[in-house]
Amino acid sequence: MSSKIQDNLSSEFDAFSVNYTEDMIDVVPHYEQLIQCFNDYLPSGSNPQKILDLGAGNGNSTAALIRRFPDAHYTFLDASPEMLDICEQRFSGANSERIQSYFSDVDYGIDQYDVILAGFSLHHCKADEKRRLFKRLKRGLTSGGVLAMSDLFISKSDKAHPQLLADWEQFIRTNDPSGEKWLWLKEHYDAFDSPHNFESQKEWLMEAGFSSVEIGWREGYWMHVLAR
């Protein structure tokens, strides 16, 4: 992991791609559990034919589902070409396609996807962008489709945010006593991340047309959320 952040989000994750999973485990509390939630909390009876991995990274969210749904069509969407190359290599035998783009530049169509996965990706969107994106994702889902999100659900303006940062720093420094990963994470978080609390995002999701927004799993402000 480089200790210097890059000029834009795409370049940032190109640089982050080399040891992505190991670094995420070290810097994101409950990372493995929250990735596994994509499989564990998918509604019973689900048999998705088309799955969109939104901000796919190296494909960890898809990996949680692909053994269960090996015949589904997977779309990997990410701004980083390096990450998309990793997905193509990792899932070379899967029925899949790649889209290199930022979220706001994509046409999600109508009734295109049965499941949309968002694993630690939506916190990069500011409030107005999230509200617009939720509406487009809802149109892109088939009837009965699910938007599944694993992420940090807290706003930087929330009173609990300073304590969240203190706890987060302790977690990372326990994994990396050098402090290098915390310094990188904090600089990245300040420059690129715009998390919002569950209450705000639930309101925006309901405005977008979702009828149900539920927390499937949580530990503090780290949550797996399902919108239908």
Computed on alpha carbon atoms, what radius of gyration and Dmax characterise segment 80-186, expressed in Å? 17.4, 49
Taking the Cβ of Leu65 as the center, what net charge do the other residues with Cβ under 14 Å away carry, scoring Lys and Arg +1 and Asp and Glu -1? 0
Relative to the longest principal Cα axis of the chain, at what angle does helix 31-40 sit, 0 to 90 degrees, rounded to 10? 10
Report for segment 9-227 the percent antiparallel among DSSP-assigned beta bridges with both residues inside it, nearest 5. 40
In bins 5 Å wide, starting from 0, what share of all Cα pairs of segment 19-61 does each bin hold, as a percent? 5, 18, 25, 27, 13, 8, 4
Given the peptides 134-144, 26-36, 212-222, arrange them by the average over their residues of other C-beta atoms within 10 Å, most packed first. 26-36, 134-144, 212-222
Principal-axis tilt of helix 180-192 within the chain, Cα atoms, nearest 10 degrees: 60
Compute and list, largest first, the equivalent-ellipsoid semi-axes of segment 90-136 from the alpha carbon gyration tensor, each √(5λ) rounded to a whole angstrom. 22, 14, 10
For 192-199, 46-53, ranked highest to lowest by mean beta-carbon neighbours within 10 Å, the order is 46-53, 192-199
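Viscosity 1.306 mPa s, temperature 10 °C: what is the translational diffusion coefficient of segment 35-92 from Stokes-Einstein with a Kirkwood Rh over Cα pairs, rounded to a whole number of µm²/s?
Answer from the Stokes-Einstein relation: 136 µm²/s.
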Fully extended, how many nm does the chain gain between Ala166 and Lys186 (0.36 nm per residue separation, minus their Cα-Cα distance)? 6.1 nm
At 1.567 mPa s and 4 °C, Stokes diffusion of the chain via Kirkwood alpha-carbon radius, µm² per second: 73
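Here, each number is a calculation from the coordinates, and none is a lab measurement. Because the structure is predicted, anything quoted here is derived from the model rather than measured. Methodologically, a virtual Cβ is constructed for each residue, glycine included, from the backbone with ideal geometry; neighbour enumeration extends over all protein chains shown.
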